[in-house]
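S.K.: Below is a structure I'd like to ask you about.
The values are calculated or read from the model by the stated rules, or taken from the named source; none is laboratory data. Fair warning: this is a prediction, and the values are worked out from it, not measured in the lab. All Cβ positions, glycine included, derive from the backbone under ideal geometry; neighbour counts span all protein chains shown.
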C-alpha cells in the first residue's frame, strides 16, 4: 500500500529532506558551527625573571583569580645550555604563587630523534595522569621545534586537549614552527605521520634563549625567514639582503626583527590563507621542503632542518630559472642571500641513489605528495615575493638544477 509522507514541522536551515512515494524518507541534518581561534604570540626578553609578568598574564587572561597548575616539559639541550633554568622556573612560580602552581619540570631529549620513539609520548601521558593534569591545567613546552611537536601532540591527545603553552628556544621554532597549529611525531618511518592540528593557548618567544644557541643553529633558523619572504613579501626579502651581514653576525636587533617579522608572516598565512588545518593540497609554507625532508632523513639528520630547507630552496629556485619561470638575476639573488647568511648550498646526500638506482632525493616528491594527499602540489617562485603552485616536476630539469648547485659549491 502506498502512503504519502508529510512533514508537519517547518523547514529547518541545514536540513535536507527527500521524500518519495516509492521508498523510504531520507533526511539529512547538516551541522554547521564556527568558533573563534585566538592565541597570543608574545615577544619578550627574560621570560622567567620574576618581574616579567608576560607568562602570568597569558595564563590568567580568562581566569584572573584562579591558581593555575603548570606541567612543564623542558628540552634537555636547553637545560644543559642554561643550567639554572629549572631553578629560575621554580623561583618564578614562587614569586607568582597566588596565580601559579608548578607541578613538575620533566626533562626530555632534544632534537629530531625524540620524535622517533613512541615511549616518550607514553611517558608524558603517564606523568600527566599521575599528577592529575586536567583540561584546566597547562602543559608548558620549553625547547626546540622537535620537543614542541612532541609535547604538543601529547597535550592534544590527553583528555582530548590540555591547554598548551609553547616557549620556543630556537630561531626556527620562534619564527616558524612554534607559532603555528601543528603537532606531531614520526611513526612507521615517516616524518610527522602521527599528529594533530591544535592551536596553542599561547606562544612566548624569549629572545634571551637565542643567545644560548650554537652558531649553526642560529643560522639554520634563518632559512624560514628567507622562505616566507620569497613566497609572501618581497620587501622583507630586500630587508634580509640589506641586513644579511648583520644577521650573519647575529646582531641582536637584526635578529629580533627577523624573527618577529617572519613569525608575523607565518601567522598571517595561517589566519588568512583559508586553509589553517591544511585540508587542501597546496602548502606554500613548505617551499623548498619536498627535498629538505628527504635530505634530512638521508643524512641521518646530520643536516639541520633549516640547512636542508636552504638547499631545497636554492635547488627549486634554479629549477624555476631553467623552466623560464624565474629570472636568472632573481635566482642568483636567492642563492647569494642564503650564502651570505652562512648556508652551504650543497650536501653529498644529493648524490645518493636508492636501491632501484634512482637518485634518492627525487623520491621526496612522492613522499611529499603522500604526506599532503591529493595531487602533487609544489610551490615555486615566479618572482621574489610571489609563490606559484605547480603540479608536475620535470625530473631531468630538477637534476640539472642539482648539478648546478654542485658546480656552484665547487667554485671558490
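Residues checked against (1) modelled with pLDDT under 95; (2) within 17 Å of the chain's Cα centre (by Cα):
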{"position": "187", "(1), (2)": "yes, no"}
{"position": "194", "(1), (2)": "yes, yes"}
{"position": "212", "(1), (2)": "yes, no"}
{"position": "229", "(1), (2)": "no, yes"}
{"position": "275", "(1), (2)": "yes, yes"}
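S.K.: Against the definition (surrounded by fewer than 16 Cβ atoms within 10 Å (Cβ to Cβ), in contact with a strand residue (DSSP E or B) (Cβ under 7 Å, 6 or more places away or on another chain) and assigned by TED's automatic domain parsing to the domain that holds residue 299), how does residue 379 come out, yes or no?
M.R.: Details: surrounded by fewer than 16 Cβ atoms within 10 Å (Cβ to Cβ): no; in contact with a strand residue (DSSP E or B) (Cβ under 7 Å, 6 or more places away or on another chain): yes; assigned by TED's automatic domain parsing to the domain that holds residue 299: yes.
So residue 379 fails the test.
Every residue, every condition in (1) crowded, with 24+ Cβ neighbours inside 10 Å; (2) within 17 Å of the chain's Cα centre (by Cα), yes or no:
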{"site": "290", "(1), (2)": "yes, yes"}
{"site": "298", "(1), (2)": "no, no"}
{"site": "314", "(1), (2)": "yes, no"}
{"site": "317", "(1), (2)": "yes, no"}
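S.K.: Check 163, 216 and return the single one that is surrounded by fewer than 24 Cβ atoms within 10 Å (Cβ to Cβ) and farther than 20 Å from residue 102 by Cβ. Walk me through how you get there before you give the answer.
M.R.: Working: 163 fails: farther than 20 Å from residue 102 by Cβ.
Exactly one of 163, 216 is surrounded by fewer than 24 Cβ atoms within 10 Å (Cβ to Cβ) and farther than 20 Å from residue 102 by Cβ, namely 216.
S.K.: Additional query: Which members of segment 32-41 meet the condition of being surrounded by 16 or more Cβ atoms within 10 Å (Cβ to Cβ) and under 20 Å from residue 137 (Cβ atoms)? Don't jump to the end; show me each part of the working.
M.R.: Restricting attention to segment 32-41, the residues satisfying the condition of being surrounded by 16 or more Cβ atoms within 10 Å (Cβ to Cβ) are 39, 41.
Within segment 32-41, 39 is the sole residue that qualifies.
S.K.: Taking the condition closer than 16 Å to residue 168 by Cβ, assigned by TED's automatic domain parsing to the domain that holds residue 81, modelled with pLDDT of 95 or more and part of a helix (DSSP H, G or I), does residue 153 pass?
M.R.: On the way: closer than 16 Å to residue 168 by Cβ: yes; assigned by TED's automatic domain parsing to the domain that holds residue 81: yes; modelled with pLDDT of 95 or more: yes; part of a helix (DSSP H, G or I): yes.
Taking the combined requirement at face value, the residue satisfies it.
S.K.: What strands (runs of 3 or more DSSP E) completely inside segment 167-258 contain at least 3 residues that are touching a helix residue (DSSP H, G or I) at 6+ places or on another chain (Cβ under 7 Å) and closer than 18 Å to residue 47 by Cα?
M.R.: Working: elements: 182-187, 190-197, 202-206.
Correct list: 202-206.
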